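Just so it is clear, none of the values below were taken in a lab; they were calculated from the coordinates. These figures come from a predicted structure and were not determined experimentally. Backbone-built Cβ (ideal geometry, glycine too); neighbour counts: all protein chains shown.
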């Protein structure tokens, strides 16, 4: 099995190298490339996932539909398609970039740091999820307004990157079925 690599970035988000994913997330995580995706069903409901309890960071926390790290040379849309299959066991369509410049840094209770340049996308579900238990403990289809309310009233239930992302008007509009504002 090949070692999964992440793309390391400089402060201008330019690639400067790669590192094994298993070794990059530490108390001193370098800035690296990631991607975040929110999946909507045909009925407009949003797929939220709860991170598996064995995850290194934020185990058991509810978060966006899925995240991942593009492989060296892999485009964001291809990485989204790959991760949707690997993590959730289904395909997505209509992949649309919503927050092209999203970057965050967060420290887990264990001291492990997430430090990612992580463009955010919204996509449509093509089928029902069959999540990989090592990635996803459970999932729920909810109205986007339920997510916004939870972010206000119980933020401790949600991942820090999700909280930062849903604070952005462009994402809120996209999840609510409104055309996102142009950057």
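Structure values in brief
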item	result
Residue among 86, 128, 165 with the largest mean-square fluctuation in a Gaussian network model of the chain, springs linking Cα atoms under 10 Å	128
DSSP bridge pairs, the chain: antiparallel proportion in percent, nearest 5	80 percent
Per residue convex hull volume, Cα atoms of segment 73-180, in Å³	128 Å³
Helix-only [θ]222 nm of the chain, DSSP H runs n ≥ 4, -39500 (n - 2.57) each, per residue, nearest 500	-5000 deg cm²/dmol
Neighbour-count order for 32, 25, fewest beta carbons within 10 angstrom listed first	25, 32
Radius of gyration and maximum dimension Dmax of the chain, Cα, Å	15.4, 43
Angle in degrees between helix 144-153 and the longest Cα principal axis of the chain, rounded to the nearest 10	70 degrees
Order of 92, 112 - criterion: other Cβ atoms within 10 Å of each residue's Cβ, fewest first	112, 92
Choice from 51, 83, 105 with maximal GNM fluctuation in the chain (Cα, 10 Å cutoff)	105
Neighbour-count ranking [beta-carbon atoms within 10 angstrom, fewest first] of 142, 3, 80	3, 142, 80
Length-normalised contact order of the chain in % [C-alpha pairs under 8 Å, at least 6 apart]	25 percent
